1. Be a star and scan region A:78-102 for residues whose amide nitrogen sits under 17 Å from the point 7 Å along the Cα-to-Cβ vector of residue A:130.
2. Does the protein assembly as shown come out rounded, prolate or oblate by the C-alpha gyration tensor, with a ≥ b ≥ c the root eigenvalues, rounded set by a/c under 1.5 and, if not, prolate when a/b is larger than b/c and oblate if not?
3. For chain A, what relative contact order do you get, as a whole percent, if you take Cα pairs closer than 8 Å and at least 6 residues apart?
4. What does the convex hull of the Cα atoms come to per residue for region A:1-110, in Å³?
5. To the nearest whole number, what is the average tally of beta carbon atoms from other chains within 10 Å of the beta carbons of peptide A:96-104?
6. Which shape class, rounded, prolate or oblate, goes with region B:1-63 when its Cα gyration tensor gives a ≥ b ≥ c as root eigenvalues, a/c under 1.5 marks rounded, and past that a/b bigger than b/c marks prolate?
7. Averaged across the residues of B:167-177, what count of C-beta atoms belonging to other chains lies within 10 Å of each residue's C-beta?
8. Residues of A:26-38, mean number of Cβ from any other protein chain within 10 Å of their own Cβ, rounded to a whole number?
Amino acid sequence: MSDRVTLATAQNRLAILWLTATGAIFVLLLAQTVAGKYGGQAERAWAWFVPALVPTLSLILSSLAYAATKRTGRNTVEKRAYRISFLLSAFYLLVALSTLLLQPFSDLSPLEFLSMSHLWLGALQGLVGVALGAFFTSKM
Amino acid sequence: MPQFPWPPPRWSSRAVLPAALVIARESEPLGPIFDRLREALRRADISEWSVFAVGGEGFAIVSRLENIDDDGRPTPTRWSIDRLSARPRSFSIPGYIAALFNASPGRYRVVAFVVTAWPVTASSSHATPATMENLLASGAGDLPYELRITPLPRSGRCEALVYEFFRPSEDDSPTQVTASRLSAIQHLAAAGLWHAEDLR
């Protein structure tokens, strides 16, 4: 059994994970905005969403767009590195989604809770960025 | 004796109380009028209020800021003005879904009774919950003897000024409702101060 996976496969799976989870968080935040959860301060809720998810997703999509115009070889990456990146991404996205889902249990107001979530999301985001960088910024 | 700010801050709704409700007769001393208002406050379970002089021949009572529902009735967490007051105490799926998507608005009220012969006109400034709480803290706890024995001038009456505040969500600050959906009479009845029929 091979201990390597093709770079294209790893990128595609990571992209699907990020697109699906970010899409779910986007839809949830949109529904909350439409329902009036954030009152007259919806822009502050979206100001949480953008830095937490958009930079990484932009990196992934721009890398995929670049790869689409190039003839790619059969580059492979270590399966262990891919798994770590995938699990780290999944954990980060789960925590981001949970931030919205757990807020009703908090004593803080919605925006105070989102603001405080930068404490844990910021730390994780750095690790995720490093892990994904190997897949999306390395020379293909 | 601290003076009530004059002219008072702009109110959300106002009513002149029926003559016999708190003023028994012409030129009645302020003391018994004050006692009737205090009895109404006690009936409504409003134990915290402050009294101010209005000039030398009148007085005003300001009640504590209370949390009310859309119909003007006090909420179960009447005196809790923090944003947690609207949060359900027990978990349920429908309650969770509602909390996940909906804002927790808050509605608040302060009632000021002004007994005076002066014409009551509003100032250009709006009230805020903070200014009303500061006002409550700066008032006296009772009417001094000199004012109690002072007769109310002939054109004297009791006006109820209702200051209503609304906060659309937990993250918004309460702002004054400039035109309340409820009349002052509805507010006074919903607060439990008097029966609605007594106020007409």
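Nothing in this text is a laboratory measurement; each read-out follows from the coordinates by a stated rule. Since the structure is predicted, the reported quantities are computational estimates derived from the model, not experimental observations. Note: ideal-geometry Cβ built from the backbone for every residue, glycine included; neighbour counts use all protein chains shown.
1. Counting only backbone N, you get A:81-92.
2. prolate
3. 40
4. 110
5. Per-residue shielding by partner chains comes out at 2.
6. rounded
7. Counting other chains' Cβ atoms within 10 Å and averaging over B:167-177 gives 4.
8. 3
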